[in-house]
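See structure below.
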Amino acid sequence: MRDAGTRIDDVPPVERTERGLVWLARAGLRPTRQRAALAALLVGDGRDRHVTAEWLHQAAEDAGERVSLATVYNTLRAFCEAGLVREITVDGSRSYFDTRVDDHPHFYWEDTATLSDAPAADLEIARLPEAPPGAEIAAVDVVIRLRRT
C-alpha cells in the first residue's frame, strides 16, 4: 500500500535506519529495535505514506524483521501519541496511519481500499457547528470517498 512512486528499496538500508532514528529522536521516543525497524519502513525513504497496521506488519516481515502484529499496533499507537503519525479511520473500522501530520484532507479509493492526500487548497469549510458545553473541537478529518467510473 505504498503511495504512488515510492520505492523504499532504492534507499540504502543505513540511510533508511538513520532517518527512522532521527524521526524517533525528534519525538523523544526511545529507539527500541522494533520501533527503529518500523520507523525505517515508514519514513526511511523521506516520503509520506498512508499505511495500515497489517501492511506495516507484512513490510516488516518482508524486511526480515520479527515483530508481531500486536507490537505493530502498539508501536503505531505510541507513534500517534508522540505526534509522529495521525490515525485516519475509514468506515469506523479500518484505520490508516499517515506520516504527514499537518491538517489535510484525504481521498479514500473504495476499489483499492487505499488512502491518498487530497489537495487542501481546494477544500473550503465555511463553518463548523459549535461544540457542546464542556467540549472543544480537537480535529476535523475530511475523507472524500472515491469510486472509479
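The values are calculated or read from the model by the stated rules, or taken from the named source; none is laboratory data. Just so it is clear, the structure is predicted and the values come from calculations on it, not from any experiment. Please note: Cβ atoms are built from the backbone with ideal geometry, for glycine as well, and neighbour counts cover all protein chains shown.
Pull out all pairs, ordered by first then second residue, where Cβ-Cβ is under 9 Å, the residues are six or more apart or on different chains, the first lies in the range 122-144 and is in a loop (DSSP other than H, G, I, E, B), and the second is basic (Lys, Arg).
Once the first residue is in a loop (DSSP other than H, G, I, E, B) and sits in the range 122-144, its partners that are basic (Lys, Arg) give ALA139/ARG86; ASP141/ARG86.
When the range 107-121 is examined, which residues are found to be of a type outside the set (A, V, I, L, M, F, W, C) and assigned to a strand (DSSP E or B)? Break it down stepwise before answering.
Step one: list which residues in the range 107-121 are of a type outside the set (A, V, I, L, M, F, W, C), which gives 108, 110-112, 114, 116-117, 119.
The answer is TYR108, THR114, SER116, ASP117.
For the range 25-68, give me each residue that is free of Cβ contacts under 8 Å to residues at least 12 places away in the same chain, farther than 14 Å from PHE79 by Cβ and not in a loop (DSSP other than H, G, I, E, B).
Passing the criteria: ARG33, GLN58, GLU61, ASP62.
Suppose the filter is at pLDDT 90 or above and in contact with a Gly (Cβ under 9 Å, 6 or more places away or on another chain); does PRO13 pass it?
no
Going through ASP62, ASP98, ASP102 one at a time, which residue ends up being surrounded by 16 or more Cβ atoms within 10 Å (Cβ to Cβ) and either under 27 Å from VAL22 (Cα atoms) or small (Gly, Ala, Ser) (or both)? Full working, then the answer.
On the way: ASP62 fails: surrounded by 16 or more Cβ atoms within 10 Å (Cβ to Cβ); ASP102 fails: surrounded by 16 or more Cβ atoms within 10 Å (Cβ to Cβ).
Only one candidate passes the filter, namely ASP98.
Return only the number of the condition from (1) in a strand (DSSP E or B); (2) at pLDDT below 95; (3) over 16 Å from TRP55 (Cα atoms) that HIS104 does not satisfy.
(1)
Out of the residues in the range 117-146 that are loosely packed, with under 10 Cβ neighbours inside 10 Å and in contact with a Leu (Cβ under 7 Å, 6 or more places away or on another chain), which is nearest to SER93 (Cα to Cα)?
Of the residues in the range 117-146, the ones loosely packed, with under 10 Cβ neighbours inside 10 Å are 119, 121-122, 124-130, 132-140.
Narrowing the set further to residues that are in contact with a Leu (Cβ under 7 Å, 6 or more places away or on another chain) leaves 137, 140.
Numbers: ILE137: 22, VAL140: 18 Å.
So, considering only residues that are loosely packed, with under 10 Cβ neighbours inside 10 Å and in contact with a Leu (Cβ under 7 Å, 6 or more places away or on another chain), the one nearest to SER93 (Cα to Cα) is VAL140.
Does the range 70-90 include one or more residues that are over 29 Å from PRO31 (Cβ atoms), among the charged types (D, E, K, R) and surrounded by fewer than 17 Cβ atoms within 10 Å (Cβ to Cβ)?
Within the range 70-90, none of the residues are over 29 Å from PRO31 (Cβ atoms), among the charged types (D, E, K, R) and surrounded by fewer than 17 Cβ atoms within 10 Å (Cβ to Cβ).
Condition test on VAL72, is it part of a loop (DSSP other than H, G, I, E, B) and not hydroxyl-bearing (Ser, Thr, Tyr)?
When the stated conditions are applied, VAL72 does not pass them.
Which condition number in (1) more than 26 Å from LEU21 (Cβ to Cβ); (2) free of Cβ contacts under 8 Å to residues at least 24 places away in the same chain; (3) surrounded by 13 or more Cβ atoms within 10 Å (Cβ to Cβ) is the one that PHE107 fails?
Against the list (1) more than 26 Å from LEU21 (Cβ to Cβ); (2) free of Cβ contacts under 8 Å to residues at least 24 places away in the same chain; (3) surrounded by 13 or more Cβ atoms within 10 Å (Cβ to Cβ), PHE107 comes up short only on (2).
Hey, among the residues in the range 12-29 that are of a type in the set (D, E, K, R) and closer than 14 Å to THR99 by Cβ, which one's surrounded by the fewest Cβ atoms within 10 Å (Cβ to Cβ)? Don't jump to the end; show me each part of the working.
Residues of the range 12-29 that are of a type in the set (D, E, K, R), as a first pass: 15-16, 18-19, 26.
Restricting the remaining residues to those that are closer than 14 Å to THR99 by Cβ gives 16, 19, 26.
On the way: ARG16: 22, ARG19: 18, ARG26: 11.
Taking the candidates together, the pick is ARG26.
Among the listed residues THR149, THR114, which satisfies the condition of being of a type in the set (S, T, N, Q), surrounded by 12 or more Cβ atoms within 10 Å (Cβ to Cβ) and either modelled with pLDDT under 95 or closer than 30 Å to VAL14 by Cβ (or both)?
THR114
Could you list, in sequence order, the residues of the range 112-138 that are at positive phi and more than 22 Å from the chain's Cα centre (by Cα)?
The answer is GLY134, and nothing else.
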